[in-house]
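The values are calculated or read from the model by the stated rules, or taken from the named source; none is laboratory data. Everything numeric here is computed off the predicted structure, so don't read it as measured data. No Cβ is skipped: glycine too gets one built from the backbone with ideal geometry, and neighbour counts run over all protein chains shown.
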C-alpha cells in the first residue's frame, strides 16, 4: 500500500540552519536585473534554474586558470582539470547517495541519459513482444526514446493513466505489472503538474515482478532529498541546469552490475581501453559511456551547484518550496476563473503550478505577465503533449519555484493575472 | 507604457473574429498547428475566376494568432489571386500594427503560412520554403 506522503525524508548529515530566501537571492546575480523596466520575477525554474555566483565563478576560474583536456595530459593543468571533473563526480554521487562515484555517468542532459539507457540496455535486453510500462505524465524525453526502442525491437508500450486530480492510477499500475514488463520508466516529479510520484513503492513493486526501473529525476533531484539506494532505482537521470548548474551537463546513475553489462553508447576517445583497426575494448566505468572530450567546465559547475544545494540542505529546500507552493496555491485559487491542474495536497506535489485563466490563451498570459509586471512563466504544452491531451488542453500557463522564490514574487504574479483579466475585460 | 500587444482593435478581432468558420467545397483549403503552443488553424477560400469571393478561417489559439488570421481574412476577401499570392509577413505586421517579439512571430504568421500552403496545394503558387528564419 502506498502512503499519501510520497517524499522520503532523509536525515541530513548536519542539521543546517535554514537561510531565508531573501538572503539566498543575494547569491544570484541575475535576480537584480530588470525586464521591461520592472524587476525580474523568475518563475520558470522548472524549465531552467538560475545560477549562483559560485557556480559561474567556478566555471570562469577553470577557463582562466586550469583549462586543459582531461584524462590525457601528464602536465599540471590537465591533472587539475581531471581532478576537477572527478571531484564533481564524487560530489554528485554523495548528493544522491550513490554507493560509488563510478555509477555517475556524465551526459549532456536528462534526455541523453534516458537515450543512453534506451539504446544500450534497451538494445541488449528488449525483444519483440516485451512490455515497457510508462506513464501518461511523462515528459517527451521519457517517452520518445522508448517509442524509438519499441519501433526498433517490436516491444509494446503501456501507460499508467493519470487521474483527474493529477495522480498516477496506481491500481492500474499494479494491473500492468501483472503482465510482467521488462522495464518501468516514470517521472519522479511531473514537470507539468508538479505531482510527486511514490517512486520507492513503485520501484519495489516493479522489482517484485522482475522489471528494471528508470526514474526521470530531472525535477526531483533539484528540489527534494533523493537517495538512490533508498529508492533502489536501477537507473536515475537528471540535468545540471535545473539544479543551479550549467546547461550541457546531465547525469545517468545506474546500478553497477547493469552498467558493467551494458554495451557502450557512443564510440570515440576516452571510452576505450585498447583500439585496433577492426576492434576495440572498453574503458572502465564511468568512462565507458563518456566518449570524447567531456563538458569539463560544466562538470565543475555542476559540482559547485551540488555543493551549494548541500550547504542549503535539501530538507530546507523542500520545506521552503512547500511553503511557497502552499502560499501560491491559496493566492491563485482565490482568482475567479483560474483553474489549477494537478494534485492540491501539498505533500503530493512540488513547486510547479500549471493553470489556465478563463479562456485567455496561456501565451497571451505569458506575454502580459512579461511586459506588464516582469514575470517570467512558461506557457505551452511543457513537452508533455499526451498529458495535455488527457486534460483536453492545448496548453497551460506554468509558474514554478525554487530556492530564490519569495512570497512577493507570487504577489507580483497575482497582480499580473489581474491585469490580464482587465485587458481581456473579464 | 502599457501592453502593445493587446490593443483594443486586436482584442476586437480576437473576440469577434471576421470570416470565422469553414466553407463547403472550398477551392483552397489548408490547416496547420503551431507546435510551440498547440495553436490550430484552418483556412478555406472560394474563387470565382481569379477572384476570392469567400474566405473562412477556423482555429484556436492566442489573441495574436487569431487576430492575425481574422485580419488576414479581411485582406484576402475580394482580392484577385495574384494579389493574394503576393501577401507576405510585412503585410501582416502592418495590419497588426504592433511590434512582434521573436517568440511570437510563429503566432503572428500562422495564418499566413496556412494560406500560402493552401495556395500551393491548389497549384496557385509555388511551394514556399518554410524553413526560412523569421
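From the list A:380, A:416, the lone residue that is within 12 Å of chain B (Cβ to nearest Cβ), touching a helix residue (DSSP H, G or I) at 6+ places or on another chain (Cβ under 8 Å), over 19 Å from residue A:161 (Cα atoms) and without any contact (Cβ under 8 Å) to a residue 24 or more places away in the chain is A:380.
May I ask you to verify whether residue A:372 is surrounded by 20 or more Cβ atoms within 10 Å (Cβ to Cβ) and assigned by TED's automatic domain parsing to the domain that holds residue A:257?
Numbers: surrounded by 20 or more Cβ atoms within 10 Å (Cβ to Cβ): yes; assigned by TED's automatic domain parsing to the domain that holds residue A:257: no.
When the stated conditions are applied, residue A:372 does not pass them.
If you go through the range A:140-197 and pick out every residue that is assigned to a strand (DSSP E or B) and either out of contact with any strand residue (DSSP E or B) (no Cβ under 7 Å at 6 or more places or on another chain) or under 17 Å from residue A:212 (Cα atoms) (or both), you end up with 10.
Of the residues in the range A:347-369, how many are outside any strand (DSSP E or B) and either free of Cβ contacts under 8 Å to residues at least 60 places away in the same chain or not assigned by TED's automatic domain parsing to the domain that holds residue A:331 (or both)? Lay out the reasoning, then the answer.
Residues of the range A:347-369 that are outside any strand (DSSP E or B), as a first pass: A:347-348, A:350-351, A:358-359, A:361-369.
In the following step, the residues that additionally are either free of Cβ contacts under 8 Å to residues at least 60 places away in the same chain or not assigned by TED's automatic domain parsing to the domain that holds residue A:331 (or both) were identified as A:359, A:361-363, A:365-369.
Looking only at that region, the number is 9.
Among the numbered conditions (1) in contact (Cβ under 8 Å) with a residue 60 or more places away in the chain; (2) more than 14 Å from chain B (Cβ to nearest Cβ); (3) farther than 21 Å from residue A:247 by Cα, the only one that residue A:340 does not meet is (1).
In a residue-by-residue description of the range B:64-81, the property of being in contact with a helix residue (DSSP H, G or I) (Cβ under 7 Å, 6 or more places away or on another chain), more than 13 Å from chain A (Cβ to nearest Cβ), crowded, with 21+ Cβ neighbours inside 10 Å and without any contact (Cβ under 8 Å) to a residue 40 or more places away in the chain applies to at least one position.
Taking the criterion of being in a loop (DSSP other than H, G, I, E, B), in contact with a strand residue (DSSP E or B) (Cβ under 6 Å, 6 or more places away or on another chain) and without any contact (Cβ under 8 Å) to a residue 40 or more places away in the chain, the only residue of the range A:246-287 that qualifies is A:283. Out of all the residues in the range A:63-78, which are within 21 Å of residue A:272 (Cα to Cα) and surrounded by fewer than 16 Cβ atoms within 10 Å (Cβ to Cβ)? The answer is A:69, A:72, A:73, A:74.
When residue A:394 is evaluated against the numbered criteria (1) more than 30 Å from residue A:425 (Cβ to Cβ); (2) within 14 Å of another protein chain (Cβ to nearest Cβ); (3) touching a strand residue (DSSP E or B) at 6+ places or on another chain (Cβ under 8 Å), which criterion, by number, is the only one it fails? The failed condition is (1).
Hey, among A:318, A:357, A:329, which residue is closer than 24 Å to residue A:19 by Cα and either in contact with a helix residue (DSSP H, G or I) (Cβ under 8 Å, 6 or more places away or on another chain) or within 14 Å of another protein chain (Cβ to nearest Cβ) (or both)? Write out each step before concluding.
Values: A:318 fails: either in contact with a helix residue (DSSP H, G or I) (Cβ under 8 Å, 6 or more places away or on another chain) or within 14 Å of another protein chain (Cβ to nearest Cβ) (or both); A:357 fails: closer than 24 Å to residue A:19 by Cα.
Residue meeting the stated conditions: A:329.
For the range A:45-62, give me each residue that is surrounded by 19 or more Cβ atoms within 10 Å (Cβ to Cβ) and in contact with a strand residue (DSSP E or B) (Cβ under 7 Å, 6 or more places away or on another chain).
Filtering the range A:45-62 down to residues surrounded by 19 or more Cβ atoms within 10 Å (Cβ to Cβ) leaves A:45-46, A:49-52, A:55, A:58-59, A:62.
Listed by number, the residues that qualify are A:45, A:46, A:50.
Being farther than 26 Å from residue A:290 by Cα, buried (at least 22 other Cβ atoms within 10 Å of the Cβ), touching a residue at least 60 places away in the same chain (Cβ under 8 Å) and touching a strand residue (DSSP E or B) at 6+ places or on another chain (Cβ under 6 Å) is a property that does not hold for residue A:117.
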